[in-house]
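Read-outs throughout are calculated quantities, based only on the coordinates presented, and are distinct from any laboratory measurement. Note that the structure is a prediction, hence the values are computed from the model and not measured. Cβ atoms come from the backbone with ideal geometry, glycine included; neighbour counts cover every protein chain shown.
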Amino acid sequence: MQQLPLLSSEPLMEDSGGRGTRGNGAGSWSPHNDELELPVLTQPGLGVTTTTVTTITQTGGDWSTGLFEVCSDSSACLMGAFLPCCLDLSLAHQYGECLCLPLLPGSTFAMRVAIRERFKIRGNVCEDWATVYFCYPLALCQMIREMKRRLKSQIYTVSTALECS
């Protein structure tokens, strides 16, 4: 014996075999029908987008230029000689830090240690402190040159894959 729901907003109708069905038949399914009519519940989408970013950075070794090789970048040399505070702001910006960072005491020293650690440059904290304390403009020029050379060698590969469902 077939049980039908007692409460329904659709009228009870009989099909050709004398069986009771609800609704107009479109989008409904009955175990007694030979045909399967299902409504479209979801539209197929574009799928899932996957983005992969690969960064290749030269790491290890020594500083790419020496402390006294200021002539290899003339703009950094001039800024370091006449406006080292502006060069410090530029360095903070290139490193991705807040522009207020150079106003804090010891920030240039901290950035030098961070650059050395980030690019796996040989050295130690004592050498970094002495370089920044005794040769501040030269240290800034060396750090800016290092950032330019190391960041220029980065390669970004973005690949997008669509998976349709």
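Over the Cα atoms of the range 56-124, what is the Rg over Rh ratio if Rh follows Kirkwood?
Working: Rg = 12.7 Å, Rh = 13.1 Å.
Computed over Cα atoms, the ratio is 0.97.
With a simple spin-label model that places each label point 7 Å from the Cα along the Cα-to-Cβ direction, the separation between Lys152 and Tyr95 comes to 2.1 nm. Evaluated with a Cβ-only charge set (Lys, Arg +1; Asp, Glu -1), the range 63-140 carries a dipole of roughly 180 debye about its Cα centre, given to the nearest 20. The simple spin-label model puts a point 7 Å past each Cα toward its Cβ; for Trp129 and Ala110 those points are separated by 1.6 nm. Can you pull a Stokes-Einstein diffusion coefficient for the range 110-154 at 37 °C (0.692 mPa s), Rh from Kirkwood over Cα pairs, as a whole number of µm²/s? Rounded, D is 306 µm²/s.
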